[in-house]
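As structure tokens, the structure follows; a few thoughts come after it.
The values are calculated or read from the model by the stated rules, or taken from the named source; none is laboratory data. Predicted, not measured: the structure shown is a model, and the values here were computed from it. Note: ideal-geometry Cβ built from the backbone for every residue, glycine included; neighbour counts use all protein chains shown.
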Amino acid sequence: MTALEEKYTLRSFEGGHPFRVLIRTILSQRTRDENTDHASALLFSKFRTPEEIAQADIGDIEKLIVSAGFYHVKAARIKEVSQILLDEFGGKVPNTIEELLTLPGVGRKTANCVLVYGFKKPAICVDVHVHRISNRMGLVETRTPEQTEDELKKLVPRKYWLEINDLMVQFGQTICRPVNPLHDLCPVSGLCKFYLEL
DNA sequence: AAAACGGGGGC
DNA sequence: GCCCCAGTTTT
């Protein structure tokens, strides 16, 4: 029985707390998600709220999150974002895509992750895994993750939106890998354009 | 459109 | 040790 055949449940990042999801997702940008675990745990063991991060010494934040990579940029961003949450959003993470996208360091992928994992709102966050898998399988033919998001929203019934993000990310990290995908273990190779045209 | 940004892990 | 991985901002 492969991992994909086990009953699937949506992972609950950071306990589903919007602020933690937001900060954690910024930390995970451009770095493998598992590399973010350590940084996120360290950071939240010391600072837990927007107030605490906004007031923290930037050097202290950097030390805690080194393992996430790009830590100079990310430390400055999470401090800045925390301050903006205090100044403009009453210390709460906004729950609309438009508001989230105004935050520095928050693009479409991060904003959608916050909506999905923080607020359980129907959204599809397209990272490179989702983009790659969707195109390999022939579900979509798109150049950018943004186009993939739009196409998937047309293809996939709304009630599955919460699940497909996490499913595809896990699938993309384990089986449908960027190089040397494990076709023999893949449960959908029979439907896969990329595999069938090898 | 393309560069720049830093560290972890597989081999 | 080398090489690949991964979003957003900025030029």
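One table, with the values for the structure above:
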quantity	calculated
Sole exception among (1) farther than 22 Å from A:THR25 by Cα; (2) of a type outside the set (Val, Ile, Thr); (3) touching a Ser or Thr at 6+ places or on another chain (Cβ under 6 Å) for A:CYS113, by number	(1)
Single condition A:PRO104 does not satisfy, out of (1) away from DNA strand C (no atom under 11 Å from the Cβ); (2) exposed (fewer than 14 other Cβ atoms within 10 Å of the Cβ); (3) over 14 Å from the mean Cα position of the chain (by Cα)	(1)
Some residue of segment A:112-130 being within 14 Å of DNA strand C (Cβ to nearest atom), part of a helix (DSSP H, G or I) and of a type in the set (D, E, K, R)	no
Some residue of segment A:136-145 being at pLDDT 95 or above and under 19 Å from the mean Cα position of the chain (by Cα)	no
Lone qualifier among A:VAL106, A:VAL66 - being within 14 Å of DNA strand B (Cβ to nearest atom) and among the aliphatic types (A, V, I, L, M)	A:VAL66
Boolean, A:LEU85 is more than 15 Å from A:THR110 (Cα to Cα), in contact (Cβ under 8 Å) with a residue 24 or more places away in the chain, more than 16 Å from DNA strand C (Cβ to nearest atom) and buried (at least 16 other Cβ atoms within 10 Å of the Cβ)	no
Residue in segment A:137-157 that is in contact (Cβ under 8 Å) with a residue 40 or more places away in the chain and either in the same structural domain as A:ASP37 (by TED's automatic domain parsing) or surrounded by fewer than 21 Cβ atoms within 10 Å (Cβ to Cβ) (or both) present	yes
Helices (runs of 4 or more DSSP H) fully within segment A:24-82 counting 2 or more residues that are within 16 Å of DNA strand C (Cβ to nearest atom), at pLDDT below 95 and within 19 Å of A:VAL128 (Cβ to Cβ)	A:33-46
Number of the exception - A:HIS131 against (1) within 16 Å of DNA strand B (Cβ to nearest atom); (2) over 27 Å from A:PRO181 (Cα atoms); (3) without any contact (Cβ under 8 Å) to a residue 24 or more places away in the chain	(2)
Residues that are surrounded by 16 or more Cβ atoms within 10 Å (Cβ to Cβ) and farther than 28 Å from A:LYS120 by Cα, drawn from segment A:158-198	A:PRO181, A:CYS186, A:SER189, A:CYS192, A:PHE194, A:TYR195
Some residue of segment A:8-30 being polar (S, T, N, Q), crowded, with 16+ Cβ neighbours inside 10 Å and over 22 Å from A:ALA123 (Cα atoms)	no
